Amino acid sequence: MSLNNTDLFVFVAIAALVTVHDKPLLKRACQHALNDGVSMQELCDILPHISVYSGVPKSLMALEILKSLDDIQGSNTLLIKRTEQQLKTALTFGQLPFGIEQQNNTVFELASLGALFALEDASSLVNEQLKRCVLLGYSREQLELLVIELARKVSSNIALRARKSIINYSTKLNSCNPV
């Protein structure tokens, strides 16, 4: 998957919308993503990953929205069923069937960041996720672009929380690594 920043940030907004359980905005964001060339596979793939933060029931709700958008007469039925099975397994057994390809995937890491920004009291987890994103090569400028996407597609409150987290993390990072 070769995506530019804008494409990647779509996943951040979608993860945040799943986490805050905003069905109408989530449906619109998913439809726009599909119209802009994001595949149903890519959208389904992030749901098990972000369910760790958003919760499995919210990820299942998002899957129902994706199912309603599958307008090519069920062309993604097997994909949706597989994702649903992964989520139900996670709900039943408390574990997600992640493969090795999902462990350091930049899309998944940014989506996790979006889900965490949507949570009100997750600052320590946000810092760890920001650290992972920086280790994967994201610059402060790229992370700050997430704030714009969150403000446009999710909410100004979540965007403000994200901005504060990025500033706090960058300040802490700069104080630990003086030039």
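What the table below lists for this structure:
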{"item": "In order through the stretch 148-158: 3J(HN,Hα) via Karplus (6.51 cos²θ - 1.76 cosθ + 1.60), integer Hz, x for Gly, Pro", "result": "5, 5, 5, 5, 5, 10, 10, 6, 5, 5, 5"}
{"item": "Burial order of peptide ranges 9-20, 124-135 (average beta-carbon count within 10 Å, highest first)", "result": "9-20, 124-135"}
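Every number in this text was worked out from the coordinates using simple rules, so none of it is lab data. Only a predicted model underlies this, so the values are computations on that prediction, with no experimental measurement involved. Neighbour counts run over all protein chains shown; Cβ positions are idealised from the backbone, glycine included.
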